[in-house]
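Contents: one structure, followed by commentary.
The values are calculated or read from the model by the stated rules, or taken from the named source; none is laboratory data. Given the structure is predicted, the values throughout are model-derived calculations rather than measurements. Note that we place each Cβ from the backbone using ideal geometry, even for glycine, and neighbour counts take in every protein chain shown. Heavy atoms of the whole protein, side chains included, go into the accessibility calculation; ligands, DNA and RNA do not. Shrake-Rupley method; radii C 1.70, N 1.55, O 1.52, S 1.80 Å.
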Amino acid sequence: MPLICVCSPKGGVGKTTLVANLAYCLARGGNKVLAIDCDVQNALRLHFGVPLTDGRGYVAKATESADWSQSVMSAGGNLFVLPYGDVTPQQQTDFEARMASDSHFISRGLGTLLNYPGLIVLADFPPGPGAALSAVSRMADMHLVTFLADTSSLTLLPRVENGTLFGDTDVSGSDVRYVLNQANNRRRISREVADVMARRLGDRLIASIHYDESVVEANASQQAIFDFSPASAAAFDIELLSKKVTSLLGITVGDGAVHHSPGATGF
Ligand SMILES: Nc1ncnc2c1ncn2[C@@H]1O[C@H](COP(=O)(O)OP(=O)(O)OP(=O)(O)O)[C@@H](O)[C@H]1O
Ligand SMILES: [Mg+2]
């Protein structure tokens, strides 16, 4: 703990990119960080140097194994990833059905990890509501709801505010904050939407991240933005976001720093 859920009613807003880069930034600051992929796209691992051909993950074995920590992979230093893994449609259906029917399924599977002292856990979700977001949200300390500075994001904002995004789960125990990604000051609509969002959300909006081509290029080369282009606007914005997150959650930078070598599996 703490557990931070990165989610959105909208797809393609940068959730996975944010989880990976925030994890990297927090780990670089000396914290031990685990990024968990709750999306069947299984793309998060690609940000952590796991090869495309490596389909290992926790979901395929989740219904048989009570503890999913054995599927954690080290990404070097303080950074770890728990990939969703390659699954058959049946395995995905079974996993989602179990999450929906057994309220302790997720907390048992992730229990060892969530109780690891000083570990910061970031979870990445597919867009919209779903069994995984509802289940993991019950244990969350913070939600980072990600939007773009566009009109469709504005129309989807009520789904977060009225709780539709979280299904039956009451998230009043979690600090729900918003991040505006791909803000482009050169586009009038982007500026106007950003203004409306800022007025409507007040201090619940904790970051605005510039549209920055170096993010796309960093992702394509499987590097964190901080390695690929440390002086970029996006690197600056994401670093600021990580400072806000640690400050809001009362995380002491450098808590729980333990060093592991890259490539090892297990936690
Ligand atoms: N600040 C940014 N500037 C420019 N491009 C960005 C930025 N953030 C993310 N992107 C790009 O936006 C695209 C979508 O990013 P990403 O896959 O992280 O979104 P997502 O919300 O996880 O998508 P999905 O809903 O499919 O899971 C990617 O091509 C990524 O490189
Ligand atoms: Mg994603």
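General observations
- L122 being away from ligand 1 (no atom under 16 Å from the Cβ) and within 21 Å of I225 (Cα to Cα): no
- Of the residues contained in region 129-138, one or more are found to be open to solvent by less than 10 Å² (accessible area, probe 1.4 Å) and closer than 18 Å to V245 by Cα.
- Taken together, G57, G85 contain a single residue that is in contact with a Lys or Arg (Cβ under 6 Å, 6 or more places away or on another chain), closer than 18 Å to F125 by Cβ and open to solvent by less than 40 Å² (accessible area, probe 1.4 Å), which is G85.
- For region 11-38, residues that are surrounded by fewer than 20 Cβ atoms within 10 Å (Cβ to Cβ) and within 16 Å of ligand 2 (Cβ to nearest atom) total 2.
- Checking D86 against (1) among the acidic types (D, E); (2) under 24 Å from T17 (Cβ atoms); (3) over 22 Å from the mean Cα position of the chain (by Cα), the condition it does not meet: (3)
- Residues being outside any helix (DSSP H, G or I) and either of a type in the set (S, T, Y) or crowded, with 18+ Cβ neighbours inside 10 Å (or both) - total across region 211-222: 3
- Matching residues in region 10-36 - criterion: being near ligand 1 (Cβ under 10 Å from one of its atoms) and either of a type outside the set (A, V, I, L, M, F, W, C) or under 22 Å from S107 (Cβ atoms) (or both): K10, G11, G12, G14, K15, T16, T17, V19, N21
- Pairs with Cβ under 8 Å, 6+ apart, first in region 182-208 and basic (K, R), second in a helix (DSSP H, G or I): R200/L157
- Listed by first and then second residue, the pairs linking a residue in region 92-112 that is within 23 Å of F80 (Cβ to Cβ) to a residue that is of a type in the set (F, W, Y) and part of a helix (DSSP H, G or I), with Cβ atoms under 7 Å apart and 6 or more places separating them unless they lie on different chains, are M99/F105; G109/W68; L110/W68.
- Residues satisfying the stated conditions in region 227-243, i.e. open to solvent by less than 90 Å² (accessible area, probe 1.4 Å) and under 19 Å from the mean Cα position of the chain (by Cα): A234, A235, D237, I238, E239, L240, L241, S242
- Being over 30 Å from P51 (Cβ atoms) and within 16 Å of ligand 1 (Cβ to nearest atom) is a description that applies to L180.
- Of the numbered criteria (1) among the small types (G, A, S); (2) surrounded by 20 or more Cβ atoms within 10 Å (Cβ to Cβ); (3) more than 19 Å from the chain's Cα centre (by Cα), the one A207 fails is (3).
- Only one of the numbered conditions (1) away from ligand 1 (no atom under 11 Å from the Cβ); (2) more than 19 Å from L44 (Cα to Cα); (3) polar (S, T, N, Q) is not met by Q222, and that is (2).
- Residue within region 64-81 that is open to solvent by less than 30 Å² (accessible area, probe 1.4 Å) and within 15 Å of ligand 2 (Cβ to nearest atom) present: yes
- Every test in (1) in a loop (DSSP other than H, G, I, E, B); (2) touching a residue at least 12 places away in the same chain (Cβ under 8 Å); (3) within 16 Å of ligand 1 (Cβ to nearest atom) is passed by A60 save one, and that test is (3).
- Residue-level check: of (1) at pLDDT 95 or above; (2) open to solvent by 30 Å² or more (accessible area, probe 1.4 Å); (3) in contact with a helix residue (DSSP H, G or I) (Cβ under 9 Å, 6 or more places away or on another chain), R191 misses just (3).
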